[in-house]
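Q: This is the structure, below, for whatever I ask next.
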Amino acid sequence: MSTDTTAAATERAGATGSDGADGAPPFRYGAALAARIENSWQDRWAAEGTFQAPNPTGEWAAPGGVGPDKTYLLDMFPYPSGSGLHVGHPLGFIGTDVLGRYLRMTGRTVLHAMGFDAFGLPAEQYAVQTGTHPRTTTEENIKRYQAQLRQLGLAHDERRSVATTDVEFYRWTQWIFLQIYNAWYDEAQRKARPIAELEAELAGGTRPTPDGRAWAELTAAERRAVVDGHRLAYISEAPVNWCPGLGTVLANEEVTADGRSERGNFPVFRRNLKQWMMRITAYADRLIDDLDRLDWSDAVKTMQRNWIGRSEGAQVRFATTSADIEVFTTRPDTLFGATYMVLAPEHPLVDAIVPQAWPEGVDDRWTGGVSDPATAVRTYREAAARKSELDRQENREKTGVFTGAYATNPVNGQQLPVFVADYVLMGYGTGAIMAVPGQDQRDWDFAEAFGLPIVRTVQPSEGFDGAAFTGDGPAINSANAEISLNGMGVAEAKHAITEWLAARGAGEAVVQYKLRDWLFSRQRYWGEPFPIVWDEDGPIPLPDDQLPVELPEIGDYSPKTYDPDAADSEPEPPLSRASEWVEVELDLGDGPKRYRRETNTMPQWAGSCWYYLRYLDPRNHQRFVDPEVEKYWLGKDPSRPNDPGGVDLYVGGMEHAVLHLLYARFWHKVLFDLGQVSSEEPFRRLVNQGYIQAFAYTDARGTYVPADEVVEDAEGRFTWNGQPVRREYGKMGKSLRNVVTPDEMCARYGADTFRLYEMSTGPMEVSRPWSTRDVVGSQRFLQRVWRNLVDEQTGQVRVTDAEPDTETLRLLHRVIAGVHDDLAALHYNTAAAKLIELNNHLTKTYAAVGVPRSVAEPLVLMMAPLTPHIAEELWSLLGHEGSLAHGPFPVADEQYLVAETVEYPIQVNGKVRSRITVPADASGEQVQAAALAEEKVAGMLDGREPRKVIVVPGRLVNVVV
Ligand code: ANZ
């Protein structure tokens, strides 16, 4: 399709002419003209499907096939909140758009789409308050976001947009859940396999059952328990943060340091509750190891490594009269220095080891003055249940209570008192430790508080005293009749003692991870229902043909809440009220039966684990993504060594450095293991964009005042309504009342100005301040470009066919080469600076006579990625029919890139005194002559002959006098 946009543009501009209303020429580039240009190009791109990316097969297959040069660009998709976008949000979206546009112009096939992460709490809370269905709120918000994004001129393939709340989308989220549920991790093969293969191995006897009995001897329920115990999605009794006042389980981040809910300030209890879990820990090693294959920043990789927290150590058994206590330690070398032991308050052995009465003569500090151990332990446990995990880890004040029991140290037979203390967490290691005050500061603090002995087993460095010594040094006090570690360094001693323990069956080397399995259920309405029903024996997955399981309509969206102190209450999710939905009769292969649907929903992370796969093939009703399509866009690149495949560039905020990225990597790896995708990683390259920061102002009471109403007086003081205000600097946000919206910026200046401003304030990764008053600077640049190429009175182009002079050509080609590099490297600020330099040169050289077309055209093309609308308009005014979206991007001519002059610093007696600029091809003698003739140097020589002159070609001249 071709339109005469030149005429159309002229007509459009002429018809309104509002830019001329204040006496300015009718075709001056300003907000009104920008708006007309931008709307008309956005309409045209949509009508022509300019940014639609082809697929190798299916409905969108390219007629001539797809080329190998493809790029898949991805933004972390937004949650469509009720307050819309502010100027900070699109920073990354514009950044990826600029790259996508540049790559498309260089001939690459680019896929760029945008969807919505639309399940979540705000819409649900709004529903609780107002009765408005979360879907209604969500859809309104999505519409608003789409309008806001569209006006920015983002080159997205709109056909590929998805929202995680679309039934057709979450049907596949449920399907992926079932793949994970129906899989287990085979440690030997280091990969997930279908659960049916596990059952076959167990039944065939090639894999032993956990207790060694033959499979045939197990009852149906026992078999189910064995199989379910292997699944990658499973039900567990996990300690969670239960908040009866809110009626829901909270994530650690939602609990305050004093163990209350962030929202509502209700008490939160650590309770064991049945929850859906995902066995992400099975992938801990692969999630760490494959980081090496990713093009991500070291900062994010380190955060992921720390989160997974792999530590190598030993598991050691300590006997008591009733049971063995297993501990995990990273320092088995310090075993001879263990002087007491600690169990986490929730440790299942606590009850088993607590005796009837305290042993003779026990220290009062140990018993807390309580008459018997059982009461003391129970009281302590209740107090500990009220603390958050974070608080327990950070708590410097050590608390605890003696259990009354002793355990035997396997290396020397010493009897160690066993304590319960909340600085030991049930969720890590074995939930039990051997305490070594001499080498561990937490244990040192505890030992001091409870009057326990301290034995050093590593020789501290000279003069070290009064604290645990955690450094390396020779072992001391570490010998028994069979083994001596004395004199060994830490590493050697660890190795020796672990072997000794293993030989005696008292311990073995183990690897521990901080990473926990992923708590995957929520007591909420606005999330994906699980494709699971229950019978009396447990959960049952629904077959594929029963998907999607749609969210039922309910009248009340709030979970059942309780007395805030009712620690023993049970969560009752909103879905449990939809009784007709919950109680179903289904035929799952053994005749019609009654089942109960799972009433929890999935956490918000679920949809974001795989949305990038759905963009590839959003209308596929047979599969979540066609394998050929996945392979084309995400497949491994054989030309890169060890490439894991994945999205070519993923851009988003640092706040997702851990959870989202880990969860998505985990799902992707399961899908890879099961043969559902060909790539091993979801995001081959990751860039974290910086944040837009802004000033905020508070009045005398510390209340935020509207930042856009604050004025600065001549002395640089800030006032609002005449009263002085205090300025602070930080994030942009509603609560700080300093939000600037892209809508305002588009209305005042146009989208191109806004895009250019955002991109020129810094490289992608860097945070930068927002300054509304500087935005006009970007508009002036566009205005000057426009004026150089278009007659502001007639709207006609005024380029000439004259040959540009050599200086212009040299500058042009230097800019072309530089802009190529800058755009490819996401250094948009320097690309913009080069374009400004070129345009300034044109203004200076050609304002009167008109810019040569052979310079005007490449300038317009180079501007297109940053300011696409004005570039398209100029391109069409220059007489081109088609859009410039697919190029050509100008290519630098090498002959103009060689430097024509070289600058030499001149040293006199070793100090730089001056500089000269000489032709690049000047000979050594010519350089020397020019250096000696230079004013300052000549002055210093004052007629004398220099002793020596050294010319280092291209670098410097050294004069010795
Ligand atoms: C004895 C010892 C001596 C330890 C020493 C450290 C230094 P990372 O490196 O983080 O893995 N620990 C084990 N399980 C624990 C739990 N559930 N709650 C709190 N602390 C626990 O830390 C492992 C070390 O943290 C283990 O090694 C254990 O203390 C403690 F000089 O054992 B260590």
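The values are calculated or read from the model by the stated rules, or taken from the named source; none is laboratory data. What you see is a predicted model; the values in this text were computed from it and never measured. Every residue, glycine among them, receives a Cβ derived from its backbone with ideal geometry; neighbour counts consider all protein chains shown. Each accessible area value is taken on the protein alone, full model and side chains, heavy atoms only, with ligands, DNA and RNA left out. Shrake-Rupley method; radii C 1.70, N 1.55, O 1.52, S 1.80 Å.
Q: Look at Ala384 and say whether it is in a helix (DSSP H, G or I) and either away from the ligand (no atom under 16 Å from the Cβ) or acidic (Asp, Glu) (or both).
A: Taking the combined requirement at face value, the residue does not satisfy it.
Q: Restricting to the range 397-435, name every residue that is farther than 18 Å from Ala376 by Cα, under 44 Å from the mean Cα position of the chain (by Cα) and within 14 Å of the ligand (Cβ to nearest atom).
A: Leu425, Met426, Gly427, Tyr428, Gly429, Thr430, Gly431, Ala432, Ile433, Met434, Ala435
Q: I would also like to ask the following. Can you name the condition, by its number, that Ile94 falls short on among (1) open to solvent by 10 Å² or more (accessible area, probe 1.4 Å); (2) hydrophobic (A, V, I, L, M, F, W, C); (3) at pLDDT 90 or above?
A: Among (1) open to solvent by 10 Å² or more (accessible area, probe 1.4 Å); (2) hydrophobic (A, V, I, L, M, F, W, C); (3) at pLDDT 90 or above, the lone unmet condition for Ile94 is (1).
Q: To continue, here is another question. Give me the helices (runs of 4 or more DSSP H) completely within the range 248-354, filtered to those with at least 1 residues that are away from the ligand (no atom under 14 Å from the Cβ) and over 23 Å from Trp518 (Cβ atoms), ordered by residue number.
A: Helices (runs of 4 or more DSSP H) meeting the threshold: 298-308, 350-353.
Q: Just wondering, is there one or more residues in the range 781-792 that are closer than 18 Å to Asn839 by Cα, open to solvent by 30 Å² or more (accessible area, probe 1.4 Å), in contact with a strand residue (DSSP E or B) (Cβ under 9 Å, 6 or more places away or on another chain) and touching a residue at least 24 places away in the same chain (Cβ under 8 Å)?
A: For the range 781-792, residues closer than 18 Å to Asn839 by Cα, open to solvent by 30 Å² or more (accessible area, probe 1.4 Å), in contact with a strand residue (DSSP E or B) (Cβ under 9 Å, 6 or more places away or on another chain) and touching a residue at least 24 places away in the same chain (Cβ under 8 Å): present.
Q: Okay, next question. Are any of the residues in the range 472-488 within 37 Å of the chain's Cα centre (by Cα) and at negative phi?
A: Yes, the range 472-488 contains a residue that is within 37 Å of the chain's Cα centre (by Cα) and at negative phi.
Q: Follow-up question, since we're still on this one. Show the residue pairs that are 6+ apart or on different chains and have beta-carbon atoms under 9 Å apart, the first residue being within the range 127-144 and free of Cβ contacts under 8 Å to residues at least 60 places away in the same chain, the second being polar (S, T, N, Q) and open to solvent by 60 Å² or more (accessible area, probe 1.4 Å).
A: Thr137/Thr130
Q: With a cut-off of at least 1 residues that are crowded, with 21+ Cβ neighbours inside 10 Å, name the strands (runs of 3 or more DSSP E) lying wholly within the range 565-675. So that I can check it myself, show each step before the final result.
A: Working: elements: 583-587, 592-597, 649-652.
Result: 592-597, 649-652.
Q: Take the range 98-135 and flag every residue that is among the hydroxyl-bearing types (Ser, Thr, Tyr) and at pLDDT 95 or above.
A: Tyr102, Thr106, Thr109 - these are the residues of the range 98-135 that are among the hydroxyl-bearing types (Ser, Thr, Tyr) and at pLDDT 95 or above.
Q: May I ask you to say which residue of Ala221, Ala203 is in contact (Cβ under 8 Å) with a residue 60 or more places away in the chain, farther than 30 Å from Pro618 by Cβ and open to solvent by 50 Å² or more (accessible area, probe 1.4 Å)?
A: Checking each option against the conditions leaves just Ala221.
Q: Out of all the residues in the range 226-243, is one or more crowded, with 17+ Cβ neighbours inside 10 Å, within 16 Å of the ligand (Cβ to nearest atom), over 18 Å from the mean Cα position of the chain (by Cα) and part of a helix (DSSP H, G or I)?
A: no
Q: May I ask you to verify whether Ala493 is more than 11 Å from the ligand (Cβ to nearest atom) and in contact (Cβ under 8 Å) with a residue 60 or more places away in the chain? Don't jump to the end; show me each part of the working.
A: Numbers: more than 11 Å from the ligand (Cβ to nearest atom): yes; in contact (Cβ under 8 Å) with a residue 60 or more places away in the chain: yes.
Answer is yes for this residue.
Q: A follow-up question, please. Just for the range 448-459: of the residues that are away from the ligand (no atom under 12 Å from the Cβ) and open to solvent by less than 20 Å² (accessible area, probe 1.4 Å), which one is farthest from Ala493 (Cα to Cα)?
A: Phe450
Q: Oh, and also: Could you give me the residue pairs with C-beta distances under 8 Å whose first residue belongs to the range 243-256 and is touching a residue at least 24 places away in the same chain (Cβ under 8 Å), whose second residue is of a type in the set (Val, Ile, Thr) and open to solvent by less than 30 Å² (accessible area, probe 1.4 Å) wherever it lies, and which are 6+ apart or on separate chains?
A: Cys243/Val249; Cys243/Val268; Val249/Val240; Val255/Val268
Q: Scanning for something touching a residue at least 40 places away in the same chain (Cβ under 8 Å) and either surrounded by fewer than 16 Cβ atoms within 10 Å (Cβ to Cβ) or part of a strand (DSSP E or B) (or both), does the range 717-732 turn up at least one residue?
A: Among the residues of the range 717-732, at least one is touching a residue at least 40 places away in the same chain (Cβ under 8 Å) and either surrounded by fewer than 16 Cβ atoms within 10 Å (Cβ to Cβ) or part of a strand (DSSP E or B) (or both), which makes the answer yes.
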